[in-house]
1. Take A:I9 and tell me if it is open to solvent by less than 20 Å² (accessible area, probe 1.4 Å), part of a strand (DSSP E or B) and of a type in the set (A, V, I, L, M, F, W, C).
2. Within region B:112-129, how many residues turn out to be facing chain A (nearest Cβ under 9 Å), part of a strand (DSSP E or B) and in contact (Cβ under 8 Å) with a residue 60 or more places away in the chain?
3. Are any of the residues in region B:140-152 away from every other protein chain (no Cβ under 11 Å) and open to solvent by 20 Å² or more (accessible area, probe 1.4 Å)?
4. Of all residues in region A:153-166, which are facing another protein chain (nearest Cβ under 7 Å) and in contact with a Lys or Arg (Cβ under 9 Å, 6 or more places away or on another chain)?
5. Any residue in region B:167-178 that is under 17 Å from A:L15 (Cα atoms) and more than 7 Å from every other protein chain (Cβ to nearest Cβ) sitting within a Cβ distance under 9 Å of a residue that is of a type in the set (S, T, Y) and part of a strand (DSSP E or B)? List the pairs, counting only those 6 or more apart or interchain.
6. From the list A:K231, A:K217, A:K208, which one is open to solvent by 100 Å² or more (accessible area, probe 1.4 Å), over 30 Å from B:K92 (Cβ atoms) and either at pLDDT below 70 or assigned to a helix (DSSP H, G or I) (or both)?
7. Looking only at residues that are more than 13 Å from chain A (Cβ to nearest Cβ) and outside any helix (DSSP H, G or I) in region B:66-92, which one is surrounded by the fewest Cβ atoms within 10 Å (Cβ to Cβ)?
8. Is it the case that A:R61 is closer than 24 Å to B:V53 by Cβ, surrounded by fewer than 20 Cβ atoms within 10 Å (Cβ to Cβ) and of a type outside the set (D, E)?
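The values are calculated or read from the model by the stated rules, or taken from the named source; none is laboratory data. Fair warning: this is a prediction, and the values are worked out from it, not measured in the lab. Ideal geometry is used to build each Cβ from the backbone, glycine not excepted, and the neighbour counts take in all protein chains shown. Calculation scope for accessible area: heavy atoms of the full protein, side chains included, ligands and nucleic acids excluded. Shrake-Rupley method; radii C 1.70, N 1.55, O 1.52, S 1.80 Å.
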Protein chains: 2
Amino acid sequence: MSDQAFRAIGATTFLSPLPAVLVSCRGTEPGFDRDNMITIGWTGVINSDPPMVYVSIRKERHSHAQVSQSGVFCINLTDETLCRATDYCGVKSGRDVDKFAELGLHAFEVEGFGAPALAEAPLFLCCRVERVIELGSHDMFMAKVEQVYVRDSLFREDGSLKMADFELVCYAHGEYFALKDRPMGFFGYSLANEDVIRRRLVEPYEKKKDKKEKKEKKAKSDKPGKKEQHKDKKEKKAKPGKKKHAFRMRMQDAPVKPRTNA
Amino acid sequence: MSDQAFRAIGATTFLSPLPAVLVSCRGTEPGFDRDNMITIGWTGVINSDPPMVYVSIRKERHSHAQVSQSGVFCINLTDETLCRATDYCGVKSGRDVDKFAELGLHAFEVEGFGAPALAEAPLFLCCRVERVIELGSHDMFMAKVEQVYVRDSLFREDGSLKMADFELVCYAHGEYFALKDRPMGFFGYSLANEDVIRRRLVEPYEKKKDKKEKKEKKAKSDKPGKKEQHKDKKEKKAKPGKKKHAFRMRMQDAPVKPRTNA
C-alpha cells in the first residue's frame, strides 16, 4: 500500500510552511559591531509560559558570532514589501556588506537592549539567549522573549490588531509565499456555531470588500474636471498608503540613538 | 520615536506565521495505545545536517505521554482540505475521543516505526526523539527526521514535486491561513537575472492559468446536446479531482497493518 500511496524521499527538513523572518543583531567586538540582519527559517516558538523562541544558525555565519557576543537578537516578522529584502539577507553576508544601507532599510534602536530591530517590520520580538545547543550544522539559540513591538498603524482604535493588514510572508520548500487575504478559520472554529463563524470569518471581510469597492468607485468618480471643493474633501480623507509612507519617513529622519552595548 | 512608530505589547509568543501540523502518535502502555493526532504550532526545523525538528507539547497532554512512551511521532503537513480537522485536533483530547474515527480520517502504518501517519496528509516526516528539554509550560521534544513520505500524486513524471498543489495551511496569531497560489519568490531570487525569474516565477503560473482557462472553456462547450463521441473523449481525459479521490479510496479500503509496537 505504502508504495502506491506515498513515496519515500529520504530524511530531509521538509517541514512547511515555516516563518521567513529577519533576525537583527549586533556584536560587541571590533569587526562585528555593525548592525546586521540574517534571514532565518529555522525558528519557532518552543514554550508559552515563559514565552520562549529559538533560532538555529550555522556556526560559520557572521550573525552567529554577533549573537554569541551580545546574547540578544530581534526577530522581525516580514511582510510582502519586505520579501525581496528577506531573500537578499539570506544570500549576502554581513561580513561583506551593510545590509541595512544596501537595502535602504533602517535600524530601530530599542533603548538599553543591545540589538537593533528593523524599523520597516510590522512587528518584532526582543529576545535574550538563555542557552545554546550544538546540533551539527547549526547551533540552536534558545531565548526568552522580553518584549514585543507592533507597528503603530496596525492597531485599531480599540487597541486590537488588524491582522489582515500584516500581509505576512512564509517559506515553503525553497519558495516565499504570501498568505491569502482571508483566514480559513480561527482557533476553535471547528466547534464554533454559525453565528460566531459568520461574525469572525465572513462579516469582517465583506465589510473590507465593500470598503475597497467604495474606495475604487470613488477614485473613479474623482477624475480631473470635477469640482475643486470635492477634490479638497477627498484629499483630507483617506489617501491610500499615506500612513505607511509617513511612518517610513519618520524612521528615516529619526536621529540615531546612542548605542548601549559599546 | 519608539512611542510613535511602535507600540510595546508585552512578552508574548507572537512569532508568525507558524506551521499548523498534525502530529500523529501512539503510546505503548494500556490506555495510551490508540492512534492519536494533536495539532502543533510550536514546531520547526532546528538543524539541517543531520535533519532535526522539534515539537513542544504541554506536559498534561495525552500525546505528551504517548510520545514519551514510544519515542517516535510523525509530523503530517496540513492542506486546505485538512484545515477543519487540524483545528478539531487542537481542541479535543485523544484521551476522550478517537480523532481519526471522529473525523473520518485514516491512520497510515509505516512498517516497523511505531507511530501512525495521517493517510490524507500531503507529506509526513517520521521523527525519532533524541532529547527532551523541560521549559516550563511545555516540554520540547528534539527529534531526528528518519524518513519523509510524499503523496504519490504530488510528483511530476520527472520526479520533481508540484509544490503549488500542496495547498498548505499555516497559523498566524490564532488564525489559519492558506498560502497564495503563486510564490512571491524563490531562495536567491533577489539576485537572480530576469530570465531565471521569468522561468521560475512567471511562466509556470501562466501555463497553469492557460490550462485552467482552456479547461473551463472546454467544460462550457461540453454542454448536453454535443456529440456523444466528443463527450467520451473528454471522460477519458482529465477529470478534476479524480486522482485525489482514487487515493482516498485506496486508503479507506486498505487493510489495517499489524502493529509493530504492541
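1. So A:I9 does not fit the description; no.
2. Qualifying residue count for the region: 3.
3. no
4. Of everything in region A:153-166, just one residue is facing another protein chain (nearest Cβ under 7 Å) and in contact with a Lys or Arg (Cβ under 9 Å, 6 or more places away or on another chain), namely A:F155.
5. Taking only residues 6 or more apart or on different chains, the pairs are B:Y171/B:T39.
6. Only one candidate qualifies: A:K217.
7. Step by step, filter region B:66-92, then rank; the result is B:G71.
8. Spelling it out, A:R61 is indeed closer than 24 Å to B:V53 by Cβ, surrounded by fewer than 20 Cβ atoms within 10 Å (Cβ to Cβ) and of a type outside the set (D, E).
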